[in-house]
Amino acid sequence: MKIVLELFGASRDFSEKGHIDFEIQKPILIKEFRKVISNYLNEEFNGNDSFLQIVKNSAFCSEENEIISDNYKITKAQKISIIPPIGGG
């Protein structure tokens with residue numbers, strides 16, 4: 001199934017397209033999807049620690065615009081958004 005990861009904030013540096021497409025073979029929890037994303041970033045950006053921290057510290061959002069927990073199971077092709085923490089003052 002195709003999962004489209006929509007990129008927001010600092011995660012937009014992961015791709016010029018504003019999203020990354022992943023082909024997942026079976027249902028997957030968000031906490032497992034974080035690992036898939038991290039593996040992709042390790043390959044594409046030579047283990048960029050800043051990018052890996054973004055994935056670790058980000059929230060995820062469903063197609064219904066609801067924040068989802070690490071125990072949320074992706075069971076069908078859909079868009080999932082990554083929402084990095086926002087710093088500032």
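None of the figures in this text is laboratory data; all of them are computed from the coordinates on show. What you see is a predicted model, and the numbers here were worked out from it, not measured in a lab. Backbone-built Cβ (ideal geometry, glycine too); neighbour counts: all protein chains shown.
Just one of the listed residues (PHE51, PHE45) is under 18 Å from ILE83 (Cβ atoms), hydrophobic (A, V, I, L, M, F, W, C) and either out of contact with any strand residue (DSSP E or B) (no Cβ under 9 Å at 6 or more places or on another chain) or without any contact (Cβ under 8 Å) to a residue 40 or more places away in the chain (or both), namely PHE51.
Could you list, in sequence order, all residues of the range 27-57 that are hydroxyl-bearing (Ser, Thr, Tyr) and in contact with a Phe, Trp or Tyr (Cβ under 9 Å, 6 or more places away or on another chain)? Break it down into steps so the answer makes sense when it comes.
Step one: filter the range 27-57 for residues hydroxyl-bearing (Ser, Thr, Tyr), giving 38, 40, 50.
Of everything in the range 27-57, those that are hydroxyl-bearing (Ser, Thr, Tyr) and in contact with a Phe, Trp or Tyr (Cβ under 9 Å, 6 or more places away or on another chain) turn out to be SER38, TYR40.
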